[in-house]
Amino acid sequence: MLDFTFTEEQKMLRDVARKFTDNEVRPFAAEIDEKEELPFDIITKAAELGFLGVVFPEQYGGGGFGEIGYCILLEEIARGCNSTAVTIGGHESLGAMAIYLCGNEEQKQKYLRPLAEGKLLAAFALTEPNAGSDAASMKTFAVDNGKNFLLNGNKTFITNGNIADVIVVFAITDASKGVKGITSFIVENKWNGFRAGKPEKKMGIRGSHTTDLFFENLEVPKENILGEVGNGFKVAMETLDVARVSLAAQCLGSSKEMLELSIKHANERKQFGKPIAEQQAIQFMLAEMASEIYQTESIIYRTAWMIDNNIPCSRESAICKLVATETVCKIADRAMQIHGGMGYMREYPIERLYRDARVNRIFEGTNEIQHIVIARDVLKSTK
Ligand code: CAA
């Protein structure tokens, strides 16, 4: 039987997250952006509410809400502040998620539990200066010296790079084996040989910190190999398959916020003697925004349901990422148009939301990469 309603628990989570966003997140979003300041206070409060582990089972310190619950949460938080949502995403969707999906029991108890409880923060270090879309061409390498792996190299554009206690790092362990020569490791920021760079100056999501990471003869104990030696690329891809759905949920939240602001403005702003909401040109834009939001929402929660039911969904998750990120940019553009000159002023939230939206088509796999993932799967299934 099909059931498209949220459970009572999911509705409760949405209500708590919405109230938190209204009271503790949205009021500070402009200041966070202006000062490029990490929303530490908000993250601390989110941790107290259990938001940093909502997606994980209770046995690992999580909320047991699964992917649907997590999408509900990120959607709500993103309505108030994209920088906060991205900080949570780097931690929960990527760093901690990799350990949940691919870690052994010991690693889950040692690392996932405190991450899910919000006692530690996580990051996911895949991208390098010359290995972005072509993630497998990374140069960071780790050499087996008997007891440990000796890690050398550097990563770039890492969300939470300078604040994460635990970082999932991908490195070459056997250059002769191509993608099968990549291994993932759980690294602690307090270990010798680890250094994070300064936060980058960005166009949007300016309160989310993005940094380089450097590893210099960093000794990683063998028990910190995540998954099997040589299986690191799969760890990365499997994590990204899940993360792309929650990123889509963030975009959905931001899209809804912009639609709401646009409706409000269209009803208040008068030109030619009546609210601009009475002009058909504005009505059509609002109708298109609402239609796109409905489409995006439908595929996100359907795919989140697939994840919660262990149904493989690489193609669907790439579709969610592609559709939701293109949608949020289109909606930002229309919202700006509806707001006119006012929307362009920093005094109004649309200016920030417009800047925040753009990166979504780039990070967690560019949209060109999502086309590749979808096309490969489409062609494979019709062979
Ligand atoms: N699940 C499991 N395994 C997978 C997989 C998946 N979704 N996708 C690929 N694999 C496996 C393949 O099966 C293959 O293994 P076998 O040979 O055993 O079959 C292996 O991985 C290699 O796959 P491909 O041949 O498809 O590899 P490729 O080099 O052609 O690259 C790609 C594939 C999809 C383009 C990949 O490189 C990719 O996703 N690139 C984008 C990287 C990305 O998303 N980066 C974002 C970083 S995170 C971030 O941005 C967050 C932040 O902090 C800012």
Within the stretch 1-30, can you find the residues that are open to solvent by 80 Å² or more (accessible area, probe 1.4 Å) and among the β-branched types (Val, Ile, Thr)? Thr5
Scan the stretch 259-290 for residues that are under 14 Å from Val328 (Cα atoms) and open to solvent by 80 Å² or more (accessible area, probe 1.4 Å) and jot them down. Glu260, Glu288
Residues satisfying the stated conditions in the stretch 8-31, i.e. within 18 Å of the chain's Cα centre (by Cα) and aliphatic (A, V, I, L, M): Ala17, Val25, Ala29
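When you look at Val220, is it of a type in the set (Val, Ile, Thr), surrounded by fewer than 21 Cβ atoms within 10 Å (Cβ to Cβ) and not assigned by TED's automatic domain parsing to the domain that holds Thr296, yes or no?
It is false that Val220 is of a type in the set (Val, Ile, Thr), surrounded by fewer than 21 Cβ atoms within 10 Å (Cβ to Cβ) and not assigned by TED's automatic domain parsing to the domain that holds Thr296.
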Where residues in the stretch 223-234 are more than 8 Å from the ligand (Cβ to nearest atom) and part of a helix (DSSP H, G or I), which of them is surrounded by the fewest Cβ atoms within 10 Å (Cβ to Cβ)? Glu223
Would you say Val179 is of a type in the set (Val, Ile, Thr), outside the structural domain of Ile350 (by TED's automatic domain parsing) and either in a strand (DSSP E or B) or open to solvent by 70 Å² or more (accessible area, probe 1.4 Å) (or both)? no
With the requirement that a residue be touching a strand residue (DSSP E or B) at 6+ places or on another chain (Cβ under 6 Å) and away from the ligand (no atom under 16 Å from the Cβ), what does the stretch 235-289 give you? Asn267
Just checking, how many residues over the stretch 73-121 are under 20 Å from Ala304 (Cα atoms) and surrounded by fewer than 24 Cβ atoms within 10 Å (Cβ to Cβ)? 3
Every residue from the stretch 118-129 that is more than 16 Å from the ligand (Cβ to nearest atom) and more than 18 Å from Gly89 (Cβ to Cβ): Lys119
Against the condition of a type in the set (Lys, Arg) and more than 13 Å from the ligand (Cβ to nearest atom), how does Lys110 come out, does it pass? yes
Among the residues of the stretch 127-173, the number that are of a type in the set (Lys, Arg) and not in a strand (DSSP E or B) is 2
Do we find a residue being closer than 24 Å to Ser176 by Cβ, modelled with pLDDT of 95 or more and of a type in the set (Asp, Glu) anywhere in the stretch 204-224? yes
So how many residues does the stretch 291-308 have that are exposed (fewer than 15 other Cβ atoms within 10 Å of the Cβ) and more than 18 Å from Tyr70 (Cα to Cα)? 3
Asp356 passes all but one of (1) acidic (Asp, Glu); (2) assigned to a helix (DSSP H, G or I); (3) within 16 Å of the ligand (Cβ to nearest atom); (4) touching a Lys or Arg at 6+ places or on another chain (Cβ under 8 Å); which number fails? (4)
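Given Ala318, Ala335, which one is within 12 Å of the ligand (Cβ to nearest atom), touching a residue at least 40 places away in the same chain (Cβ under 8 Å) and open to solvent by less than 20 Å² (accessible area, probe 1.4 Å)?
Ala318
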With (1) open to solvent by 30 Å² or more (accessible area, probe 1.4 Å); (2) part of a loop (DSSP other than H, G, I, E, B); (3) at positive phi as the list, and Asn192 as the residue in question, which single condition is left unmet? (3)
Residues of the stretch 130-147 being more than 16 Å from the ligand (Cβ to nearest atom), open to solvent by 80 Å² or more (accessible area, probe 1.4 Å) and in contact with a Gly (Cβ under 9 Å, 6 or more places away or on another chain), which ones? Phe141
Restricting attention to the stretch 246-253, does a residue exist that is over 22 Å from Leu121 (Cβ atoms) and not in a helix (DSSP H, G or I)? no
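The values are calculated or read from the model by the stated rules, or taken from the named source; none is laboratory data. Values in this document were obtained by computation on a predicted structure and should not be read as measured data. Neighbour counts are summed over all protein chains in view; Cβ atoms, including those assigned to glycine, are modelled from backbone coordinates with ideal geometry. All accessible areas refer to the heavy atoms of the entire protein, side chains included, with ligands and DNA or RNA removed. Shrake-Rupley method; radii C 1.70, N 1.55, O 1.52, S 1.80 Å.
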